[in-house]
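Here you go, one structure.
The values are calculated or read from the model by the stated rules, or taken from the named source; none is laboratory data. Quantities reported herein were computed from a predicted structural model and do not represent experimental measurements. Positions of Cβ are backbone-derived with ideal geometry, glycine not excepted, and every protein chain shown enters the neighbour counts. SASA here: full protein model, heavy atoms, side chains in, ligands and nucleic acids out. Shrake-Rupley method; radii C 1.70, N 1.55, O 1.52, S 1.80 Å.
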Amino acid sequence: MYTIKDDLTTTLQEIRDAGLWKDERQLTSPQQAHITTTKTSALNFCANNYLGLADHPDVLASASSALQEWGFGMASVRFICGTQELHTRLEAALSDWFGTEDTILYSSCFDANGGVFEVLFGEGDAIISDALNHASLIDGIRLSKAARYRYANADMADLRTQLEAARGARRTVIVTDGVFSMDGYLAPLEQICDLAEEFGAMVLVDDSHAVGFIGDGGGGTPEACGVADRVDLLTGTLGKALGGASGGYVSGPAEVVALLRQRSRPYLFSNAVAPVVAAGSLTAIEIARTSSEARATLRRNTALFRELMTEAGFDLLPGDHPITPVMFPGEDGAREAARIADTMLDHGVYVIPFSYPVVPRGQARIRVQLSAAHSEDDVRACVAAFVTARQQVTGQEPPKES
Ligand SMILES: *Cc1c(COP(=O)(O)O)cnc(C)c1O
């Protein structure tokens, strides 16, 4: 008799054999700088909790009081009976921050990206997408009937080639992550906007790894690149720096948002964001917007980490985003990165190694993510764990001080 169980056992074994198996460690604490798991306690350097808002007392307080005032769940999509004042206020807060006309909330940014393209771009249109864009952009673009073009990561010559190939389309949109998550590199938005202008294209930026902490006011990559008024459509998540619970959005022209409310499938056919999450996110946004203190701490932590790691002889990708890739190049890099990350956990520091196919072959790395929740001692402890683990795994000592 045919059974799917046997088939899948083979597939599962293939995943294990290829070294691609992902285990989940169970946290026994809230998400914060110091976490405990069922096996150990550790300093956490792999969360997207950039501003430390995931357990911020003010965020918790507004979420708890919303629970009492507004209840636990909506049990409805937005257009039936799932809209409370909290949802409209949250959308208005985001529009106000970004200087956009309107914003529409989704349950996640995955849903926002899944629901935006099919509605706005169809036959006769062209979507031009960076090769390293997030999976949710790729999936969302696939759902549209528009012609699809891909350009090499941040390669402006290739973007121009693709724009030329797409000439004659009714609507053309260039789609990019604001920050590429494996490198911490910002997209070259100024050049992208210049090309868009030249070719009469729109620009959509998914700013999930930037909103709240990149740019002086936390307005994200467009703000940092000085093109906030030239980007047509923004998508992003509330599940990273902005409290880290869940929720995503599309922000832009009023007509776009109005049409998405009428036609976007993940919005129409999926439950409204929970009131607790809407209220907590509102407070998280308020903190991110009005206090530059957390952003300053984050910048200091990132700079200190980069300085100490460079002194210790580690190979970092350049930049100043709190995503800091520590590189282990070459044939043996993947194994080395994995063993060093494991050894670091024994020393109380939790980091994650990435290798092919998540990053190109020969470019294995440990992706360290700094947070405003880390203290200076935490950052120093992380560097010390790197040095000790490298010594234990490879025998390499830090360079002698001159
Ligand atoms: C994390 C991320 C998402 C997904 O966000 P969720 O709200 O967790 O679904 C989408 N796009 C990018 C670029 C991301 O980094």
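In deg cm²/dmol, rounded to 500, what helix-only [θ] at 222 nm does the chain give when every DSSP H run of at least 4 residues adds -39500 (n - 2.57) and the total is split over its residues?
On the way: 15 runs with 173 residues, N = 402.
So the helix-based figure for the chain works out to -13000 deg cm²/dmol.
In degrees between 0 and 90, to the nearest 10, how far off the longest principal axis of the chain does helix 376-394 point, with axes built from Cα atoms?
The angle comes out at about 60 degrees.
Oh, and also: Treating the beta-carbon of each Lys and Arg as +1 and of each Asp and Glu as -1, no other charges, what is the dipole magnitude of region 270-402 about its Cα centre, to the nearest 20 debye? Could the numbers behind the result be given before it?
Working: 13 positive and 16 negative charges, 73 e Å.
Here region 270-402 has a charge dipole of around 340 debye.
For region 303-358, with the dipole built from +1 on Lys and Arg beta-carbon atoms and -1 on Asp and Glu ones, taken about the Cα centre, which of 330, 354, 316 lies farthest toward the positive end?
354
Dipole magnitude of the chain about its Cα centre, charges +1 at Lys/Arg Cβ and -1 at Asp/Glu Cβ only, in debye to the nearest 20?
It comes to approximately 720 debye.
If you don't mind, another one. Once the Cα atoms of the chain are picked out, what are the Rg and Dmax in Å?
My reading of the Cα-based Rg and Dmax gives 22.0, 72 Å.
Which order do you get for 250, 358 if you rank them by accessible area with a 1.4 Å probe, largest at the top?
Details: 250 0, 358 85 Å².
Largest accessible area first, the list is 358, 250.
Okay, next question. Report, to the nearest whole %, how much of the accessible area of the chain belongs to carbon and sulfur atoms, 1.4 Å probe, protein only.
On the way: 9580 of 19090 Å².
On the chain, the fraction of accessible area on carbon and sulfur atoms equals 50 percent.
Taking 7 Å along the Cα-to-C-beta vector as the label spot, tell me the residue 80-residue 157 distance in nanometres, rounded to one decimal.
Rounded to a tenth, the inter-label distance reads 5.5 nm.
Between residue 34 and residue 11, what is the label-to-label distance in nm when each label sits 7 Å out along the Cα-to-Cβ direction?
4.3 nm
Moving on. For residue 400, give me every one of the aspartates and glutamates with a C-alpha distance below 13 angstrom, ignoring sequence neighbours fewer than eight places off in its own chain.
Straight-distance partners of residue 400: 311.
Return the sequence-ordered ³J(HN,Hα) values of region 312-321 in whole Hz as given by the Karplus equation 6.51 cos²θ - 1.76 cosθ + 1.60 applied to θ = phi - 60°, using x for Gly and Pro.
Residue by residue, region 312-321 yields 7, x, 8, 9, 10, 5, x, x, 9, 6 Hz.
To the nearest 10 degrees, how steeply does helix 4-17 sit against the main Cα axis of the chain, on a 0 to 90 scale?
Compared with the principal axis, the helix lies near 50 degrees.
I would also like to ask the following. If R₀ is 22 angstrom, what is the calculated FRET efficiency for the pair residue 170 and residue 289, using the beta carbon separation as r and rounding to 0.05? Mind showing how you got there, number by number?
Working: r = 37 Å, r/R0 = 1.68.
That pair, residue 170 with residue 289, gives E of 0.05.
If you don't mind, another one. If you take the square roots of the eigenvalues of the alpha-carbon gyration tensor of region 39-129 and sort them as a ≥ b ≥ c, do you get rounded (a/c under 1.5), prolate (a/b over b/c) or oblate? Numbers along the way, then the final one.
Working: a/c = 2.05, a/b = 1.32, b/c = 1.56.
The shape class here is oblate.
Might you report the magnitude of the Cβ-based charge dipole of region 327-380 about its Cα centre, with Lys and Arg at +1 and Asp and Glu at -1, to the nearest 20 debye?
Numbers: 6 positive and 8 negative charges, 55 e Å.
Using only the charged Cβ atoms, the result is roughly 260 debye.
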